[in-house]
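Trainee: There's a structure below that I have some questions on.
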Amino acid sequence: MFEKPSMEIPAAVRQMAEQNIEQTRQAYSQFMMLAQQAQMMMVQGQGDGVKTVVDAQAKAMRMAQENIEANFRFATELARARDISEYAAIQQRYAEGQIKAFQQQTEELGRIVTDLAKKVTPG
């Protein structure tokens with residue numbers, strides 16, 4: 001009798017969202033490249049203690065990068081969603097993946113902090 005109104009997201013809106021995400025991703029990539037170069041310059045000529053701290057910092061930075069990349073993938077998928085049900089399914093998958101990633105990263109950071117404390121504590 002009555003047709004359900006279409007909840008489809010217009011293609012032009014999806015395309016504009018994808019372009020904005022890609023521009024943001026490019027800006028982020030340039031920033032990270034500069035940050036990594038600055039970090040490498042700090043390490044050159046430093047002792048083992050500084051290198052250990054910088055290595056731990058680099059691992060934490062890698063985790064942050066992985067999380068940001070996951071967010072970019074999530075945003076890109078959302079931008080491509082054609083309707084609300086697809087949008088909700090994407091959100092569910094993302095949440096499940098991020099919970100798993102958070103658990104793994106927490107465990108790894110715990111090991112890193114423990115190892116770092118052993119190396120820098122006089123004993």
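The values are calculated or read from the model by the stated rules, or taken from the named source; none is laboratory data. A quick note: this is a predicted structure, and the numbers were derived from the prediction, not measured. Note: ideal-geometry Cβ built from the backbone for every residue, glycine included; neighbour counts use all protein chains shown.
Trainee: Which residues, counting only those in the stretch 79-97, are closer than 13 Å to Glu8 by Cα and touching a Phe, Trp or Tyr at 6+ places or on another chain (Cβ under 6 Å)?
Mentor: Of everything in the stretch 79-97, just one residue is closer than 13 Å to Glu8 by Cα and touching a Phe, Trp or Tyr at 6+ places or on another chain (Cβ under 6 Å), namely Ala81.
Trainee: Which of the numbered conditions does Arg82 fail, given that it passes all the others? Conditions: (1) assigned to a helix (DSSP H, G or I); (2) at pLDDT 85 or above.
Mentor: Going through the list (1) assigned to a helix (DSSP H, G or I); (2) at pLDDT 85 or above, Arg82 breaks only (1).
Trainee: Right, another one. Residues being at pLDDT below 85 and within 20 Å of Asn71 (Cα to Cα): count how many of those fall in the stretch 1-19.
Mentor: 2
Trainee: Now, a different point. Being in contact (Cβ under 8 Å) with a residue 24 or more places away in the chain, under 15 Å from the mean Cα position of the chain (by Cα) and in a helix (DSSP H, G or I), is that true of even one residue in the stretch 88-96?
Mentor: Checked the stretch 88-96: at least one residue is in contact (Cβ under 8 Å) with a residue 24 or more places away in the chain, under 15 Å from the mean Cα position of the chain (by Cα) and in a helix (DSSP H, G or I).
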